[in-house]
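Shown next, in structure tokens, is the structure this report addresses.
The values are calculated or read from the model by the stated rules, or taken from the named source; none is laboratory data. If you're wondering where the values come from, they're calculated on a predicted model, not measured in any experiment. Here Cβ is always computed from backbone atoms with ideal geometry, including for glycine, and neighbour counts include all displayed protein chains.
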Ligand code: 4AD
Ligand code: MG
């Protein structure tokens, strides 16, 4: 038997007799007719079973199956305006059946957040989540396409390392054989700066880890980090790259999977409206906007949730905030040659209250300057000896950034919470299931 994907049936490319297989997402029957919503990896298909067509015994057996039983069905595809997706399968035969053992715990009523988190291993089957995970896959595909078209090479860095990249307060300590002071990486960046002298323009898509002590709608303790690094590039250059990449991803989602985007909660037309270049404002201007909104902030403070909310609600496209004070950025940021108290850094903010989605900028490439920055930040140069070494042989101006995959998906789809952008979200309270 050849099985057809539900998505292909819904796309209209299939007619006549077919076989499908999947899980029973929902089922109801009355008066000898049963509507079964069958879910496979690609989507949901209404399958209609008539008692007179399949016989009393089989009908009874199908009627008795719990939700999330799996089975093979064959029949005829018909157009039907009342069916979700406009097509249905009129069932004529049943193949293998894999019955669920118990009643399915997730029923069609409102469950609490904790209950759904406890049952995440089952809840990932939910059609709303399935739809978001399909979009997530498309998102990463679009990013890789863009990198390939623009001459970037994908490369990897280790997840175990002995130095902080983004400050000590969010480091996860790891028991690493006999060795003390080993952590899970916060960013590939330091290794990326080594790799640009090997491969040139590079990127990675990999998990980063932050021991974020807060439970918020936008922090995970393990998130997917899309990072890139380029030699011979300054802050302006890296922002151009960010504009083009983010716009390409948004347009690809809107053009290739508009129905999925709409179902997730965003009108694809809004994504198509994005245009490069995104506005760029200085940190100083951003502080003034926040203050103008009546929210407390002093020059030199970092943006928190209270500040980013009102700031980003002033914009309807992403925008860059550039030139953060050196006191709130890690040691590797290049000081502005014209204004030593600020750095050549840029954060991309998503509008509508979503806030920071990219952090990056130009790196210090001079040995002495970097050594001083390490000391100024209270770090031990021993831990950064190999990183400092990079500035001894062929050090050139270079820049890069990190984009939080879940943050961008959350904004692009207009989601309330970061947890639904990733199958098994990790936060300070959740490592199980
Ligand atoms: O701004 P961050 O900390 O920058 C870096 O790590 C740089 N070393 C990146 C680089 O230049 N290669 O993190 C970058 C982005 C943030 O803008 C945010 O989108 C995301 O990573 N991010 C998180 N996403 C989810 N949960 C968290 N706890 C995150 N922390 C950062
Ligand atoms: Mg940041």
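Within the stretch 10-19, the set of residues being surrounded by 19 or more Cβ atoms within 10 Å (Cβ to Cβ) and either in a loop (DSSP other than H, G, I, E, B) or touching a helix residue (DSSP H, G or I) at 6+ places or on another chain (Cβ under 6 Å) (or both) is empty. Among residues belonging to the stretch 389-404 that are more than 32 Å from the chain's Cα centre (by Cα) and part of a helix (DSSP H, G or I), point out the one that is nearest to ligand 2 (Cβ to nearest atom). The residue in question is 391. Residue-level check: of (1) in contact with a helix residue (DSSP H, G or I) (Cβ under 7 Å, 6 or more places away or on another chain); (2) away from ligand 2 (no atom under 16 Å from the Cβ); (3) without any contact (Cβ under 8 Å) to a residue 40 or more places away in the chain, residue 115 misses just (1). One residue stands out in the stretch 27-68 among those that are within 35 Å of the chain's Cα centre (by Cα) and surrounded by fewer than 16 Cβ atoms within 10 Å (Cβ to Cβ): the one that is farthest from residue 134 (Cα to Cα), namely 66.
Name, by its number, the condition in (1) outside any loop (DSSP other than H, G, I, E, B); (2) more than 31 Å from the chain's Cα centre (by Cα); (3) surrounded by fewer than 19 Cβ atoms within 10 Å (Cβ to Cβ) that does not hold for residue 7. Residue 7 satisfies all of (1) outside any loop (DSSP other than H, G, I, E, B); (2) more than 31 Å from the chain's Cα centre (by Cα); (3) surrounded by fewer than 19 Cβ atoms within 10 Å (Cβ to Cβ) except (2).
A single entry from 379, 403, 370 fulfils the requirement of being crowded, with 17+ Cβ neighbours inside 10 Å, more than 11 Å from ligand 1 (Cβ to nearest atom) and under 25 Å from residue 202 (Cα atoms): 370. Using the structure shown, decide if residue 259 is touching a residue at least 40 places away in the same chain (Cβ under 8 Å), within 24 Å of the chain's Cα centre (by Cα) and either farther than 22 Å from residue 418 by Cβ or within 16 Å of ligand 2 (Cβ to nearest atom) (or both). Considered against the rule, which asks whether it is touching a residue at least 40 places away in the same chain (Cβ under 8 Å), within 24 Å of the chain's Cα centre (by Cα) and either farther than 22 Å from residue 418 by Cβ or within 16 Å of ligand 2 (Cβ to nearest atom) (or both), residue 259 comes out as no.
Taking first residues from the stretch 343-356 that are touching a residue at least 24 places away in the same chain (Cβ under 8 Å) and more than 15 Å from residue 246 (Cβ to Cβ) and partners that are assigned to a loop (DSSP other than H, G, I, E, B) and near ligand 2 (Cβ under 10 Å from one of its atoms), the Cβ contacts under 6 Å between residues at least 6 apart in sequence or on separate chains come to 345/324; 345/329. Restricting the stretch 217-233 to residues that are away from ligand 2 (no atom under 14 Å from the Cβ) and more than 23 Å from residue 154 (Cβ to Cβ), which is modelled with the highest pLDDT? Out of the qualifying residues, it is 221.
Residue by residue, here is whether (1) modelled with pLDDT of 95 or more; (2) in contact with a strand residue (DSSP E or B) (Cβ under 7 Å, 6 or more places away or on another chain); (3) more than 30 Å from residue 390 (Cα to Cα); (4) within 16 Å of ligand 1 (Cβ to nearest atom) holds:
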site	(1), (2), (3), (4)
293	yes, no, yes, no
297	yes, no, yes, no
304	no, no, yes, yes
307	yes, no, yes, yes
313	yes, no, yes, no
324	yes, yes, no, yes
366	yes, no, no, no
